[in-house]
1. Give A64, A84, A98 a once-over and let me know the one that is more than 23 Å from E168 (Cβ to Cβ), buried (at least 20 other Cβ atoms within 10 Å of the Cβ) and among the small types (G, A, S).
2. Is there any pair with a first residue in region 64-80 that is small (G, A, S) and a second that is part of a strand (DSSP E or B) whose Cβ atoms are under 9 Å apart and which are 6 or more apart or on different chains, and what are they?
3. Name the single residue that is nearest to D80 (Cα to Cα) among those in region 162-201 being in a loop (DSSP other than H, G, I, E, B) and modelled with pLDDT of 95 or more.
4. It is to be established whether one or more residues within region 137-158 are among the basic types (K, R), farther than 19 Å from I71 by Cα and more than 23 Å from the chain's Cα centre (by Cα).
Amino acid sequence: MKKRIGFTLCVLSACGLMAGCSFSASFGNVHTIEGKDAILVNAAQPELPPPPPEPVPEPPVKKAQITEKKIEILEKVMFDYNKATIKEESHQLLSDVADVLKENPKVLLINIEGHTDADGADKYNKELSQKRAEAVKEHLVGLGIDEARLNAIGYGKERPIADNNTEEGKEKNRRVEFIIAKTEKASSVKKLSKPKSAAGE
């Protein structure tokens, strides 16, 4: 039977080459390719390799990290204009701050410092910075941080880090900072009380 199939294929191939025509034929697992230069090929295709594994997504960049003296944040805590309401866009930032505190139990006390620019009345800005610091403290407590580890203090305009005569400088001065006041090995506590004198944002 194999000899008969082979003979038939040879005859068909020869006819195709002589006549310059195209044809195809199929016998079991063997097929011919159409065309003048017809050849025999095996229809069985090799198995394809498995697809590569899905790439592992990179972990999100933490927006807060601890240093020797403070918890550095990569962006500002944002509030509604002239209010102590924390904007939703800052919730992840504060979650990262809470994670830092949970990962570093030897940090016993953090001073949450509120600062403002020099615009407006001193008393108003001092009160606003205090309320904003307290809002951040309350938010962190809600994330599972012991209230005893957090101290809120508002400085108003008293501690600028940039020129209050420019918009860029004012933007930098409106900020919240997380200063390490006490650690497990430290003997002193730098827990700040609310200033008695009124000063502005």
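The values are calculated or read from the model by the stated rules, or taken from the named source; none is laboratory data. Every value quoted in this text rests on a predicted model; they were computed, and no experiment measured them. Methodologically, a virtual Cβ is constructed for each residue, glycine included, from the backbone with ideal geometry; neighbour enumeration extends over all protein chains shown.
1. Matching residue, one of A64, A84, A98: A64.
2. A64/I71; A64/E72; A64/I73; A64/F178
3. R174
4. Scanning region 137-158, I find at least one residue that is among the basic types (K, R), farther than 19 Å from I71 by Cα and more than 23 Å from the chain's Cα centre (by Cα), so the answer is yes.
Okay, residues lined up against (1) in contact (Cβ under 8 Å) with a residue 40 or more places away in the chain; (2) touching a Ser or Thr at 6+ places or on another chain (Cβ under 7 Å); (3) surrounded by 15 or more Cβ atoms within 10 Å (Cβ to Cβ):
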position	(1), (2), (3)
E89	no, no, no
Q92	no, no, no
E113	yes, no, yes
K137	no, no, yes
